[in-house]
Amino acid sequence: ETKYQKLTDVEHVLLRPSMYIGSVAIHTGEQYLYDGEKVSIEEVHYNPGFIKIFDEIVSNSVDEHRRNPKLNEIRVIINLDTSEISVWDNGGIPVEKHKVHGEWVPEMIFSNLKAGSNFDDSESRTVAGTNGVGSTLTNIFSKKFSVSTCDGTNKFDQTFTDNMGKRTPAKITTARRGFTEISFIPDLERFKMKVIDEKSFQILFKRCLDLVAFNYRDWE
């Protein structure tokens, strides 16, 4: 019996990351980069898993825009000094307790694998999310992960730490302006990284440019 193990979802994600976010080893390959003036192809060292956990969060905002055109502003801040990444949009998640699961909806979708709004396969699909694991994976691979959202009536705030091992109680206050902001500090050691280096930053920046270009007509 000692050779058989039963892992929690979080333990399994951290032990077998390639199943969920791809490789967490440093790769060398060609990437399109933007230097502020032009896009060029360079051979760089980068970590695919790290890029993936960023993409999971920013894609959420883009997906919500596809569902709700009133969400027409997304701001991305990458602090190279603190390694904190923040994605803000002018949408908003319902701040209410789920009638079946009894959990605050923002807490449920950002801290549970296989939870989200992309499971109705009868709907035509125009969004990136399909499996309901993305944002929670970013939470698991972060030292700190903060959720702040307002649905136009109530505001929700909660912070997770230690690879989603700890969480603060949800704080509910009143507010009027709808928005969602996700801020996280990646657990860089799990990606064989010490800092967010310049080339990794340029890859993330180029990803944002791609999303703007792809959705340009929608923003007009």
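Just so you know, all these numbers are worked out from the coordinates, no wet-lab data involved. Every value quoted in this text rests on a predicted model; they were computed, and no experiment measured them. Glycine gets a Cβ as well: all are built from the backbone with ideal geometry, and neighbour counts include every protein chain shown.
Could you give the distance between the Cα centres of the range 157-188 and the range 48-107, to the whole Å?
Result: 11 Å between the Cα centres.
Once both labels are modelled 7 Å past Cα along the beta-carbon direction, what's the H12-T173 spacing in nm?
3.9
Mind checking the dipole of the chain: about its Cα centre, +1 per Lys or Arg Cβ, -1 per Asp or Glu Cβ, Debye to the nearest 20?
Numbers: 28 positive and 33 negative charges, 118 e Å.
Charge dipole, the chain, about its Cα centre: 560 debye, nearest 20.
Under the rule of -39500 (n - 2.57) per DSSP H run of 4 or more residues, summed and divided by the residues of the chain, what mean residue ellipticity at 222 nm is obtained, to the nearest 500 deg cm²/dmol? Could you put the intermediate results ahead of the total?
On the way: 7 runs with 66 residues, N = 220.
After summing the helix terms and dividing by the residues of the chain, the value is -8500 deg cm²/dmol.
Using DSSP to define loop residues, name the chymotrypsin sites (Phe, Trp or Tyr not before Pro) in the range 1-64 whose beta-carbon has at most 16 other beta-carbon atoms within 10 Å. All intermediate terms of the calculation are to be shown ahead of the outcome.
Values: sites: Y4, Y20, Y32, Y34, Y46, F50, F54; in loops: Y4.
Answer by residue number: Y4.
Would you kindly state how much longer the chain becomes between M108 and I26 on full extension, computed as 0.36 nm times their sequence separation minus their alpha carbon distance, in nm to one decimal?
Values: separation 82, 0.36 × 82 = 29.52 nm, distance 3.20 nm.
My answer for the length gained is 26.3 nm.
Could you name the lysines in cross-link range of K194, using Cα to Cα under 22 Å and dropping any fewer than eight places away on the same chain?
Result set, ordered by chain and number: K52, K143, K144, K206.
Among D89, D55, D210, which one moves the most in a GNM of the chain with springs linking Cα atoms closer than 10 Å?
Judging by the Gaussian network model, the answer is D210.
Whose amide H sits under 5 Å from the amide H of I74, counting only residues 5 or more places off or on another chain, with H placed in the peptide plane?
Under 5 Å from the amide H of I74: no residue qualifies.
In the Gaussian network model of the chain, springs joining C-alpha atoms below 10 Å, which of S111, S40, S83 carries the largest mean-square fluctuation?
S40
Out of S111, G178, V58, whose Cα points farthest toward the positive end of the dipole of the chain (charges: +1 Lys, Arg; -1 Asp, Glu; placed on Cβ)?
Positive-end residue among those listed: S111.
Go ahead and set up a Gaussian network model of the chain, Cα springs under 10 Å, then flag whichever of S183, S18, S200 fluctuates most.
Maximum among the listed residues: S18.
Any idea what the relative contact order of the chain is, in percent, if you count C-alpha pairs under 8 Å spaced at least 6 apart? Intermediate results must be reported in sequence, preceding the final value.
Working: 398 pairs, mean separation 47.2, N = 220.
Computed value for the chain: 21 percent relative contact order.
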